[in-house]
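Read the structure below first, then the notes.
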Amino acid sequence: MKIGVLQTGHAPDQMRPFLGDYDAMFRQLLAGRGFDFATFDVVDGVFPSGPTACDGWLITGSRHGAYEDHRWIPPLEELIRAIGEAGQPLVGVCFGHQIIAQAFGGRVEQFAGGWVVGRQTYDWQGETLALNAWHQDQVVELPPGAEVLATNDRCAHAALRLGPEILTVQAHPEFDRDVIAGLIDHRGDTVPDAQLAQARAGLDRPVDNAPIARQIGDFLRARVPA
């Protein structure tokens, strides 16, 4: 079962020697589930041959905005729609969540309430789950037919289903405490100090990465041909 990781950004240079790039974090998150992975650095213009080049797809986070004018964003949106038309399973996280919603007619913009960083709790279909987040942008208008799976008072559309084949999550189940600590140190220059302090204070509080990893893994396995 081959999962194509569409990498839309890179972890800070200072973190990569110790924690790997974003694709490595997803490989670790989904390890032991029978997946093989292929990475396509779409942020650098490297794209797969088409939607059936892999059995399923996962789009990573990014420091870029889905609405920004980058040459790789329009072809990524075209690929997203082609994956949807082909009925291939697709998972998006953070930027991936946003660009998928945008590609299918939703709207993404900077949240009026500012940054959302560190450990957050979400109402996930009636269950309270905690995940690490790092974003200022979010989906503010849903694409047609989207179902909201998770929400909180800082992010109304925190996880979505778009039909049977697409699952998206705004927070980062692939981020552990070391990733958040690294982002505080190396990407926190535009985040208010009070929020960075709050995120740092929550580094050692538990998060529910494992249940979301199971959900993503089960979602992909149920839809990827053997």
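All of the numbers you see were taken from the coordinates with simple rules; none came from a lab. Computed from a predicted model, the values in this text were never measured in an experiment. Here the Cβ positions follow ideal geometry from the backbone for every residue, glycine too, while neighbour counts run over all protein chains shown.
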Neighbour-count order for D208, D44, fewest beta carbons within 10 angstrom listed first: D44, D208
Size of the range 23-152 as Cα extents on the principal axes (Å, biggest first): 39, 37, 28
Candidates G96, G34, G61: whichever shows maximal mean-square fluctuation once the chain is modelled as a Gaussian network with Cα springs under 10 Å: G34
Förster-model FRET efficiency, 41 Å R0, R161 and D36, C-beta, rounded to 0.05: 0.95
Mean shadow area of the chain, taken as a quarter of the surface of its Cα convex hull (nm²): 11.4
Estimated [θ] at 222 nm from DSSP helical runs (n ≥ 4, -39500 (n - 2.57)) normalised by residues in the chain, nearest 500: -9000 deg cm²/dmol
Gain on full stretching of the segment that runs from E68 to A53 - 0.36 nm per residue minus C-alpha separation: 2.7 nm
Extension reserve of the D44-Q125 stretch, reckoned as 0.36 nm per residue once the Cα distance is removed: 25.5 nm
Virtual paramagnetic centre 7 Å along Cα→Cβ of Q136, amide N under 15 Å, in the range 8-32: none
For the chain, size of Cβ-based charge dipole, Lys and Arg +1, Asp and Glu -1, in debye: 400
Added length on full extension, which subtracts the Cα-Cα distance from 0.36 nm per residue, H186 to F18: 59.1 nm
